[in-house]
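Take a look at the structure set out below.
The values are calculated or read from the model by the stated rules, or taken from the named source; none is laboratory data. This is a predicted model, so every value here is computed, not measured. Cβ: placed from backbone, ideal geometry, glycine included. Neighbour counts: every protein chain shown.
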Amino acid sequence: MKNENGLIPNQETIKSAVINCLKNIYDPEIPVNIYDLGLIYNVDVDTDLNVKILMTMTAPDCPEAEYMFQEVRQMVSYISGVKSVDVELTFDPPWTMDMIPDDIKVELGFM
């Protein structure tokens, strides 16, 4: 099965596509994508091309949590070759501003 680029999807290409997808989903309160913001703790793609994402929110009571959670699941499921998407929400460890890479902090004026 080839994707739209004529490539046969594998774990590496799917993981790369998932990360690119996550970089297009933005936190509604901070103008940074959820990947660069540090909300994605892990992306795993198994040999059957099932995707498991471990993510968090900026705060446990985030009013947009359900929307973002569903958006991640939906957008990743659109990636050609992905069999299934499992998104797990965790607050361990809790997200802090320290999880934002320095270059993004500079861009936001935090440094």
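Brief remarks follow.
- Filter result for the condition that a residue is in contact with a Ser or Thr (Cβ under 7 Å, 6 or more places away or on another chain) and surrounded by 15 or more Cβ atoms within 10 Å (Cβ to Cβ), over L39, L49: L39
Quick grid of which residues meet (1) part of a loop (DSSP other than H, G, I, E, B); (2) modelled with pLDDT of 95 or more:
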{"position": "E4", "(1), (2)": "yes, no"}
{"position": "I19", "(1), (2)": "no, yes"}
{"position": "N24", "(1), (2)": "yes, yes"}
{"position": "L37", "(1), (2)": "yes, no"}
{"position": "M57", "(1), (2)": "yes, no"}
{"position": "P63", "(1), (2)": "yes, no"}
{"position": "F69", "(1), (2)": "no, no"}
{"position": "V76", "(1), (2)": "no, yes"}
{"position": "V85", "(1), (2)": "no, yes"}
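- Residue within the range 83-100 that is within 16 Å of N20 (Cβ to Cβ) and either surrounded by 15 or more Cβ atoms within 10 Å (Cβ to Cβ) or out of contact with any Gly (no Cβ under 9 Å at 6 or more places or on another chain) (or both) present: yes
- Residue match in the range 52-69 (condition: among the charged types (D, E, K, R), without any contact (Cβ under 8 Å) to a residue 12 or more places away in the chain, under 30 Å from F110 (Cα atoms) and out of contact with any Cys (no Cβ under 9 Å at 6 or more places or on another chain)): yes
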